[in-house]
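Notes follow once the structure below has been shown.
Read-outs: derived from the displayed coordinates by stated rules, not from any lab. Since the structure is predicted, the reported quantities are computational estimates derived from the model, not experimental observations. Positions of Cβ are generated from backbone atoms using ideal geometry, with glycine treated the same way; all protein chains shown enter the neighbour counts.
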Amino acid sequence: SQQGEEDPQALSIQEGENATMNCSYKTSINNLQWYRQNSGRGLVHLILIRSNEREKHSGRLRVTLDTSKKSSSLLITASRAADTASYFCATDAWMYSGGGADGLTFGKGTHLIIQP
Amino acid sequence: EAQVTQNPRYLITVTGKKLTVTCSQNMNHEYMSWYRQDPGLGLRQIYYSMNVEVTDKGDVPEGYKVSRKEKRNFPLILESPSPNQTSLYFCASSLIGAEQFFGPGTRLTVL
């Protein structure tokens, strides 16, 4: 099944700087979602962007989606130490999965470290 | 409070001893899913269910079973666990096509 791939695998920045993570995927999707995971804990949903949307904001988060390039980016502005976590993109292609709902297909994540 | 619960949270067992990890959601979601997370491999889907009595294989179903007799519950069954099933397991639920809500995870060690 298709998979999102995040880039970079790891990112370390200073507190207050902006962090950008990218995600690429392979086939048509219904939506793309970003999740955050603190070490060993459950995933927390951040943003869902539908295939007919190009940009979405939520607080300090900005997500873009380019379906022609099959890519998305997550921007975290004015980063804080509490943003240290792993970030995953996940693609949802349930309308393209032949009647079944394959559910989300996750990438391997970007590990973000915010240095105080 | 809307949530997905999993039990147990931690489990150490031995090869071949059948076990069940329970998952329950209180949001009336049709869709439920199980994932395993391993270092360097990210999250991989094991099984999913679109509704009661409807289940299907994900990417890594070998060695696992599931059932969906009630909408709120989606247990994961390991009939004969092996060491390669040592992993961190997550249950999730959602409306179809919407954000998924994840449980807190079950850390399983098979000796």
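Could you give me D for chain B, from Stokes-Einstein at 25 °C and 0.890 mPa s, where the hydrodynamic radius is the Kirkwood radius over C-alpha pairs? Units µm² s⁻¹, please.
The estimated diffusion coefficient comes to 178 µm²/s.
Could you give the nm distance between label points at B:V52 and B:I12, where each point is 7 Å from its Cα heading toward the beta carbon?
My value for the distance between the label points is 4.0 nm.
Amide H neighbours of A:A93 under 5 Å, counting only residues 5+ apart in sequence or on other chains, H built in-plane at 1.01 Å?
For A:A93, the qualifying residues are A:N30, A:G103.
Given a Förster radius of 41 Å and the C-beta distance between B:N28 and A:Q9 as r, what FRET efficiency does 1/(1 + (r/R0)^6) yield to the nearest 0.05?
0.65
What's the tally of Lys pairs in the protein assembly as shown whose alpha-carbon atoms lie under 12 angstrom apart, where the two lysines are 8 or more places apart or on different chains? Don't skip to the answer; put the middle values down first.
On the way: A:K26/A:K69; A:K26/A:K70; B:K18/B:K65; B:K57/B:K65.
Total qualifying Lys-Lys pairs in the protein assembly as shown comes to 4.
How much length, in nm to one decimal, is gained on full extension between A:V44 and A:A78, taken as 0.36 nm per residue of separation minus their Cα-Cα distance?
Full extension of this stretch gives 10.2 nm more.
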